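**Q** Quick one: the structure is below, and I'll ask about it shortly.
The values are calculated or read from the model by the stated rules, or taken from the named source; none is laboratory data. All values reported here derive from a predicted model rather than from experimental measurement. Quick reminder, even Gly has a Cβ in these numbers, built from the backbone with ideal geometry, and neighbours come from all protein chains shown.
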Amino acid sequence: MKTKEQLEAEIAPLRKQLHRLRDLELKERSVALLGRCFKYRNCYSLPKKPSDYWWLYVKVVSVNYWPVTFEFQTDRNGRIEVKQNKCASGLDNGNESYTEISQKEFAAAWNRLQKHIGGMKP
């Protein structure tokens, strides 16, 4: 019977090859998302009514195996968040929570947020 160390030594090259293949598959899926826009119905835990939800907007702006996204949202309390997510996942796995939208709809939402921020006073 082979030892644990012997088996691990035999498996290591196969595991490395498998990881390379999975990385290539991930990158191919991510590249296919480049430039596409989505919105996600976001909420905090245990929402009770429709006003507990808001839209999180997402645009895939580049790829580094994972999609890199530009995201923004205004939560139910009026808190604004704008960020770049360097390891976005869930956009291409058939997750029905993310709805693909046009670049025009994304741009309109971004313009509304910029206008809102421009009108804010400290």
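**Q** Specify the residue that is surrounded by the most Cβ atoms within 10 Å (Cβ to Cβ); the eligible residues are those in the range 17-39 that are over 22 Å from F106 (Cβ atoms) and among the charged types (D, E, K, R).
**A** Applying the first criterion (over 22 Å from F106 (Cβ atoms)) to the range 17-39 yields 17-28.
Next cut, among the charged types (D, E, K, R) only: 20, 22-23, 25, 27-28.
Details: R20: 10, R22: 11, D23: 11, E25: 11, K27: 15, E28: 10.
Of everything passing the filter in the range 17-39, K27 is surrounded by the most Cβ atoms within 10 Å (Cβ to Cβ).
**Q** I would also like to ask the following. What are the pairs, 6+ residues apart or on separate chains, where a residue within the range 40-52 that is exposed (fewer than 10 other Cβ atoms within 10 Å of the Cβ) has its Cβ under 8 Å from a residue that is in a loop (DSSP other than H, G, I, E, B)?
**A** As it stands, the answer is S51/R76, since those pairs meet every condition given.
**Q** Which condition does L113 not pass, out of (1) at pLDDT below 95; (2) in a helix (DSSP H, G or I), if it passes all the others?
**A** (1)
**Q** Here is a follow-up. Looking at V63, is it of a type in the set (V, I, T), touching a strand residue (DSSP E or B) at 6+ places or on another chain (Cβ under 9 Å) and surrounded by 14 or more Cβ atoms within 10 Å (Cβ to Cβ)?
**A** Details: of a type in the set (V, I, T): yes; touching a strand residue (DSSP E or B) at 6+ places or on another chain (Cβ under 9 Å): no; surrounded by 14 or more Cβ atoms within 10 Å (Cβ to Cβ): yes.
In short, no.
For (1) closer than 20 Å to G35 by Cβ; (2) at pLDDT 95 or above; (3) in contact with a strand residue (DSSP E or B) (Cβ under 8 Å, 6 or more places away or on another chain), each residue gets a yes or a no:
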{"residue": "P67", "(1), (2), (3)": "yes, no, yes"}
{"residue": "F70", "(1), (2), (3)": "yes, yes, yes"}
{"residue": "I101", "(1), (2), (3)": "yes, yes, yes"}
{"residue": "E105", "(1), (2), (3)": "yes, yes, yes"}
{"residue": "A108", "(1), (2), (3)": "yes, yes, no"}
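**Q** Provide a single number: the residues in the range 70-122 that are under 14 Å from N42 (Cβ atoms), among the charged types (D, E, K, R) and in contact (Cβ under 8 Å) with a residue 24 or more places away in the chain.
**A** 2
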